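Undergrad: Right, I'll just put the structure down here and ask away after.
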Amino acid sequence: MASSRASSTATKAKAPDDLVAPVVKKPHIYYGSLEEKERERLAKGESGILGKEGLKAGIEAGNINITSGEVFEIEEHISERQAEVLAEFERRKRARQINVSTDDSEVKACLRALGEPITLFGEGPAERRERLRNILSVVGTDALKKTKKDDEKSKKSKEEYQQTWYHEGPNSLKVARLWIANYSLPRAMKRLEEARLHKEIPETTRTSQMQELHKSLRSLNNFCSQIGDDRPISYCHFSPDSRMLATACWSGLCKLWSVPDCSLLHTLRGHNTNVGAIVFHPKSTVSLDQKDVNLASCAADGSVKLWSLDSDEPVADIEGHTVRVARVMWHPSGRFLGTTCYDRSWRLWDLEAQEEILHQEGHSMGVYDIAFHQDGSLAGTGGLDAFGRVWDLRTGRCIMFLEGHLKEIYGINFSPNGYHIATGSGDNTCKVWDLRQRRCVYTIPAHQNLVTGVKFEPIHGDFLLTGAYDNTAKIWTHPGWSPLKTLAGHEGKVMGLDISSDGQLIATCSYDRTFKLWMAE
């Protein structure tokens, strides 16, 4: 019993030592860098934090990545999709800040200026406005300003190009302008006085006279046809006394024929190539001597020749043109001669001073025909650029621009009433222009081919004559511009026409080498 108690007492005595809790080692907390501690451990020979074994284990575990020193810039390698999304957000932000006009016409104009289609299929004004806003958010609003500036510059350059420039001319031109003014003003007064007297005639009398004229014109017939040469005849012109007819031919010959029997009087030899026109001096066969200059002609080689009635050779040559001269025309005074040239200009020559006084530009292509106003104050030119111009010879200004033909203008003529101009064109039409209104008042769908010439009746302008490449010449009423008579008979293109000064005879010449005279029965 005693031994058992003693053993139990001994166990009770030892129990407190076994029940004591082990001391927990608190980890060391270091503040700052571990560099000094590492150095101490390495100096004692202990392995550092990154010992060889630990380093090897870390690499094998994939926790430590050993590279060749390359640097990976995250910002430069953002995915393309991310960049696109960012750009789209930026674009939408800019689009919200752009102000676009609510006027649909302005929106269309802006789209056109940017080179975009002004409308898409099924697109309404709201969608169009949104499309413009999106385009501007991409190209920037400055692009629209730039296009507007470019448009303004181009408009200015066009205006400058179309602007008429005036240059200082010689003193002889000033003298000629003054002379033309003094010559034309009394004639204008006389013309206006005759118009007043004509207006005082009762309406019934005027109507009956017009009906009689129309009746006689409808009875026009070909009473004489003559073979003029072995080459096409390009031009014909009556003498002021209506007793002679001059013809120009592509053979280089000019011929004078008696009227009305059409017998050959003279053959004028001097040109070496196609003759474009030959015209009588306004006073020839009336008050001018036969030895004086009675005719003028021009040719495709640029030559212009003057002729008398008593010689078959030219009296003088007008030198200065180097390219084709299409037409030549006398001023009503007979002192000046106008020539049209394929060098885009026309010229005025003073035959008394024997010099060129005006070299007028203004057409963008060759100038084909020229006509002078009955008063002598104006000149009209028709060009291969499809435009006509009316020039005031007293000031040098272009007072009217004839715009409307679709093709070249081959003929131009002033009406004796003083305010109507007719032009014939390659677009098969004849247009009538009013100087007072400065516009085209009527377009005659005259022929089925290009119109080669137009001519008003020379006394009162009671009718208009046109000729064309459809082998016919036609007569039209004035006013009204309705067809009266078609002069058919030529087998080739009608290349020239004229009306005698007394209004009784009409002459036409053709590519078929003949000329014909037409007279009322």
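Undergrad: Before anything else, pin down the relative contact order of segment 185-307: Cα pairs under 8 Å, at least 6 apart, normalised by residue count, whole percent. Could you put the intermediate results ahead of the total?
TA: Numbers: 195 pairs, mean separation 20.4, N = 123.
With pairs under 8 Å counted, the relative contact order is 17 percent.
Undergrad: Next up: Based on the Cβ-Cβ distance from Lys283 to Leu406, what FRET efficiency comes out when R0 is 41 Å, to the nearest 0.05?
TA: On the way: r = 39 Å, r/R0 = 0.95.
Using R0 = 41 Å, I get an efficiency of 0.55.
Undergrad: Further, regarding this structure: How far apart, in nm, are two points set 7 Å out from the Cα along the Cα-to-Cβ line at Val175 and at Arg344?
TA: Placing both labels 7 Å beyond Cα along the Cβ direction yields 3.2 nm.
Undergrad: Considering only protein heavy atoms, what per residue accessible area in square angstrom results for segment 338-493 with a 1.4 angstrom probe? Don't skip to the answer; put the middle values down first.
TA: Working: 5690 Å² over 156 residues.
Dividing the accessible area of segment 338-493 by its residue count gives 36 Å².
Undergrad: Leaving ligands, DNA and RNA out of it, report the carbon-plus-sulfur percent of the accessible area of segment 276-363 at a 1.4 Å probe. Don't skip to the answer; put the middle values down first.
TA: Numbers: 1410 of 3490 Å².
Carbon-and-sulfur percentage of accessible area, whole number: 40.
Undergrad: Turning to a different aspect of this structure: Per-residue HN-Hα couplings for segment 492-503, Karplus 6.51 cos²θ - 1.76 cosθ + 1.60 at θ = phi - 60°, whole Hz, x for Gly and Pro?
TA: With the stated coefficients, segment 492-503 comes to x, 4, 7, 9, x, 7, 7, 10, 5, 5, 8, x Hz.
Undergrad: Here's something else I'd like to know. Work through the residues other than Glu130 whose Cβ is under 12 Å from its Cβ and net out their charges, Lys, Arg +1 and Asp, Glu -1.
TA: Details: positive: Arg92, Arg96, Arg128, Arg129, Arg131, Arg133; negative: Glu123, Glu127.
It works out to a net charge of +4.
Undergrad: Another question, if that's okay. Distance from the Cα centre of segment 456-521 to that of segment 315-374, in angstrom?
TA: Cα centres, segment 456-521 to segment 315-374: 26 Å.
Undergrad: Using the Karplus curve 6.51 cos²θ - 1.76 cosθ + 1.60 with θ = phi - 60°, what ³J(HN,Hα) values do you get for each residue of segment 447-464, in whole Hz, with x for Gly and Pro?
TA: Coupling constants for segment 447-464: 9, 9, 8, 4, 8, 8, x, 9, 8, 7, 4, x, 8, 10, x, 6, 8, 10 Hz.
Undergrad: With each pseudo-label sitting 7 Å past Cα toward Cβ, what's the Arg112-Ala188 distance in nm, one decimal?
TA: 4.1
Undergrad: Applying 1/(1 + (r/R0)^6) with R0 = 60 Å to the Cβ-Cβ distance of Lys146 and Glu491, what FRET efficiency is obtained, to the nearest 0.05? All intermediate terms of the calculation are to be shown ahead of the outcome.
TA: Working: r = 62 Å, r/R0 = 1.04.
Result of the calculation: an efficiency of 0.45.
Undergrad: In debye, nearest 20: dipole of segment 296-338 around its Cα centre with unit charges on the Cβ of K, R (+) and D, E (-)?
TA: Numbers: 4 positive and 6 negative charges, 66 e Å.
Dipole about the Cα centre, nearest 20: 320 debye.
Undergrad: List the pairs from Lys455/Lys516; Lys108/Lys145; Lys431/Lys455; Lys190/Lys431; Lys199/Lys431; Lys283/Lys516 whose alpha-carbon separation is above 20 Å, in the order I gave them. Can you show the working numbers first?
TA: Working: Lys455/Lys516 16 Å; Lys108/Lys145 15 Å; Lys431/Lys455 12 Å; Lys190/Lys431 27 Å; Lys199/Lys431 26 Å; Lys283/Lys516 25 Å.
With Cα atoms farther than 20 Å apart: Lys190/Lys431; Lys199/Lys431; Lys283/Lys516.
Undergrad: While we're looking at this one, here's another question. Report the local net charge at Met495: Lys and Arg +1, Asp and Glu -1, summed over other residues whose C-beta lies under 11 Å from its C-beta. Numbers along the way, then the final one.
TA: Numbers: positive: Lys493, Arg513; negative: Asp512.
After counting each charged neighbour, the total is +1.
Undergrad: Under 5 Å between amide hydrogens, which residues at least 5 positions from Leu268 or on another chain qualify, with H placed 1.01 Å from N in the peptide plane?
TA: Cys254, Lys255, Leu256
Undergrad: Relative contact order (percent) for segment 326-466, with alpha-carbon contacts under 8 angstrom and 6 or more residues of separation? Spell out each step's value before the answer.
TA: Details: 403 pairs, mean separation 20.5, N = 141.
Worked out over segment 326-466, it gives 15 percent.
Undergrad: Can you give me the % of accessible surface on segment 376-521 that is carbon or sulfur? Probe 1.4 Å, all protein chains present, nothing else counted. Mind showing how you got there, number by number?
TA: Details: 2310 of 5110 Å².
Ligands and nucleic acids excluded, carbon and sulfur give 45 percent.
Undergrad: Can you classify segment 87-229 as rounded, prolate or oblate using the Cα gyration tensor, where a ≥ b ≥ c are the square roots of its eigenvalues, rounded means a/c under 1.5, and otherwise it's prolate if a/b beats b/c and oblate if not? Kindly include the intermediate steps, with their values, before the conclusion.
TA: Numbers: a/c = 3.36, a/b = 2.26, b/c = 1.49.
Here segment 87-229 falls in the prolate category.
Undergrad: If you don't mind, there's one more thing I want to ask. Starting from the Cα gyration tensor of segment 274-315, take the square roots of the eigenvalues, sort them a ≥ b ≥ c, and report rounded, prolate or oblate (rounded when a/c is under 1.5, otherwise prolate if a/b is larger than b/c, else oblate).
TA: On the way: a/c = 3.17, a/b = 1.87, b/c = 1.70.
Because a/c hits 1.5 or more and a/b exceeds b/c, segment 274-315 counts as prolate.
Undergrad: While we're looking at this one, here's another question. Return the tail of the calculated pair distribution for segment 370-474, meaning the percent of Cα-Cα pairs more than 25 Å apart. Could you put the intermediate results ahead of the total?
TA: On the way: 643 of 5460 pairs.
Taking all Cα-Cα pairs of segment 370-474, the fraction more than 25 Å apart is 12 percent.
Undergrad: Leaving out ligands, DNA and RNA, what percent of the accessible area of segment 190-256 is carbon and sulfur, probe 1.4 Å?
TA: On the way: 1980 of 3790 Å².
Solvent-exposed carbon and sulfur of segment 190-256 make up 52 percent of the total.
Undergrad: Now for a different question. How charged is the neighbourhood of Leu295? Take every other residue with its Cβ under 15 Å from the Cβ of Leu295, and add Lys/Arg as +1 and Asp/Glu as -1. Spell out each step's value before the answer.
TA: On the way: positive: Arg243, Lys255, Arg269, Lys283, Lys291, Lys305, Arg327; negative: Asp241, Asp289, Asp292, Asp310, Asp312, Glu313, Asp317, Asp498.
My count for the surroundings of Leu295 gives -1.
Undergrad: Calculate, in nm to one decimal, what Ile98 and Ser79 gain on full extension: separation in residues at 0.36 nm each, minus their alpha carbon distance. Walk me through the numbers on the way to the answer.
TA: Working: separation 19, 0.36 × 19 = 6.84 nm, distance 2.92 nm.
Extra length from Ile98 to Ser79 when fully extended: 3.9 nm.
Undergrad: Compute the Cα gyration tensor for segment 171-210, then decide on rounded, prolate or oblate, letting a ≥ b ≥ c be the square roots of its eigenvalues: rounded whenever a/c is under 1.5, prolate when a/b is larger than b/c in the other cases, and oblate in all that remain.
TA: On the way: a/c = 8.96, a/b = 4.37, b/c = 2.05.
Verdict is prolate for segment 171-210.
The values are calculated or read from the model by the stated rules, or taken from the named source; none is laboratory data. Source: prediction; values computed, not measured. Methodologically, a virtual Cβ is constructed for each residue, glycine included, from the backbone with ideal geometry; neighbour enumeration extends over all protein chains shown. Ligands, DNA and RNA are stripped out before the accessible areas are found, and what is left, the full protein with its side chains, is counted by its heavy atoms. Shrake-Rupley method; radii C 1.70, N 1.55, O 1.52, S 1.80 Å.
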